[in-house]
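Enquirer: Quick one: the structure is below, and I'll ask about it shortly.
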Amino acid sequence: MKKGKKLYEGKAKIIYATNDKNIVIQYFKDDATAFNNQKKTTIEGKGVLNNRISEHILSNLSQIGIENHLIKRLNMREQLIKLVEIIPVEFIIRNVATGSITKRLGIEDGTVLKEPLIEYCLKNDKLGDPLISEEHILAFDWATKIEIDKVKKMILRINDFMIGMFRGVGIKLIDFKLEFGRNKIDGKNEIILADEISPDTCRLWDSITDKKLDKDRFRKDLGDLIPAYTEVAKRLGILHEQSNISAVNVTKLSSIQRKKK
Ligand code: 5GP
């Protein structure tokens, strides 16, 4: 598969064309942004870890029948993925209230929700990804009722699976963001899971200590991010104690880079 021209550059990823018009390459950058791009930095090695963690989660999801865009990981930073038409909605799933919902609704931080709560935000950086309702999605044709119902079903299965997967390795899945896209299969548009699932897009707390193992470390200046993401990858069995050369190198590299600055 030949890598072609850059099609799109987002905050954390770049999409490149390939010689197959239905397949693209997703490149994971080291850039970290928060608060709608107001806080920015580069964290050496973040892209490598997110590439591995997202590959692990998406390939596990495809094994339980959740169709997604991942074809295969190509190297440390790139994945081959199916080209989809992204639904312009960020689907937020919350198991425990924290982050924006606590401020918006005055809910106590850490409140365990009786059932998973799905929220919708318009995918629009200029507007700061505003919260929207299902009615907005239908009114402005961002997705059809059939598509939303299918997405909701998929979300609940993904959430159940991921809660169990993380619980098994001593991590609480607090909340996360998903994106879905339309993919033409036999001339018909099918909804599949897209984007990435990683500590950049999930809140992950250690089950015993509530230590934050996700992007909140960067958002809230809680300390280094790479050791936390490496911890998530190790617990998921992606990086083994003896063979975690890439993670060790990534960590060493980032501390060398920091010392040089
Ligand atoms: P909140 O609405 O509390 O800021 O975020 C809820 C969850 O969705 C968190 O796990 C957060 O990481 C994820 N999330 C929401 N919007 C975005 C976004 O634009 N980018 C990323 N990477 N994650 C997001």
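The values are calculated or read from the model by the stated rules, or taken from the named source; none is laboratory data. Because the structure is a prediction, the values reported are computed rather than measured. All Cβ positions, glycine included, derive from the backbone under ideal geometry; neighbour counts span all protein chains shown. All accessible areas refer to the heavy atoms of the entire protein, side chains included, with ligands and DNA or RNA removed. Shrake-Rupley method; radii C 1.70, N 1.55, O 1.52, S 1.80 Å.
Enquirer: Among residues other than D125 whose Cβ falls under 12 Å from its Cβ, what is the net charge (Lys/Arg +1, Asp/Glu -1)?
Expert: Charge balance near D125 sits at +1.
Enquirer: Could I ask something else about it? Springs between alpha-carbon atoms under 10 Å, Gaussian network over the chain: tell me which of K46, K72, K215 tops the mean-square fluctuations.
Expert: Highest fluctuation among the options: K72.
Enquirer: Estimate the FRET efficiency between F140 and M76 by the formula 1/(1 + (r/R0)^6), using the beta-carbon distance for r and 51 Å for R0, to the nearest 0.05.
Expert: Efficiency at R0 = 51 Å is approximately 0.85.
Enquirer: Would you mind computing, in nm to one decimal, how far apart the modelled labels at D221 and N60 are, each placed 7 Å from Cα along Cα→Cβ?
Expert: It works out to 3.4 nm between the two label points.
Enquirer: What residues qualify as long-range amide H neighbours of D30, i.e. H under 5 Å apart, gap of 5 or more or another chain, H built at 1.01 Å from N?
Expert: G47
Enquirer: While we're on this one: Just report the Cα centroid separation between the stretch 78-117 and the stretch 135-165, whole Å.
Expert: One Cα centre to the other: 12 Å.
Enquirer: Starting from the amide H of N124, placed 1.01 Å from N in the peptide plane, find each other amide H under 5 Å away whose residue is 5 or more places distant or on another chain.
Expert: For N124, the qualifying residues are D129.
Enquirer: Hey, another quick one. Just the accessible area per residue of the stretch 86-206, please: how many Å² with a 1.4 Å probe?
Expert: 48
Enquirer: Label 7 Å along Cα→Cβ of R157; the stretch 176-212 residues with amide nitrogen under 11 Å?
Expert: Residues 193 fall inside that zone.
Enquirer: Something else now. In whole percent, how big is the carbon plus sulfur part of the accessible area of the chain, probe 1.4 Å, protein atoms only? Walk me through the intermediate numbers first.
Expert: Values: 7080 of 13430 Å².
That fraction is 53 percent.
Enquirer: Divide by every residue of the chain the summed helix terms, -39500 (n - 2.57) for each DSSP H run of at least 4, and state the resulting mean residue ellipticity at 222 nm, rounded to the nearest 500 deg cm²/dmol.
Expert: Mean residue ellipticity at 222 nm (helix-derived): -10000 deg cm²/dmol.
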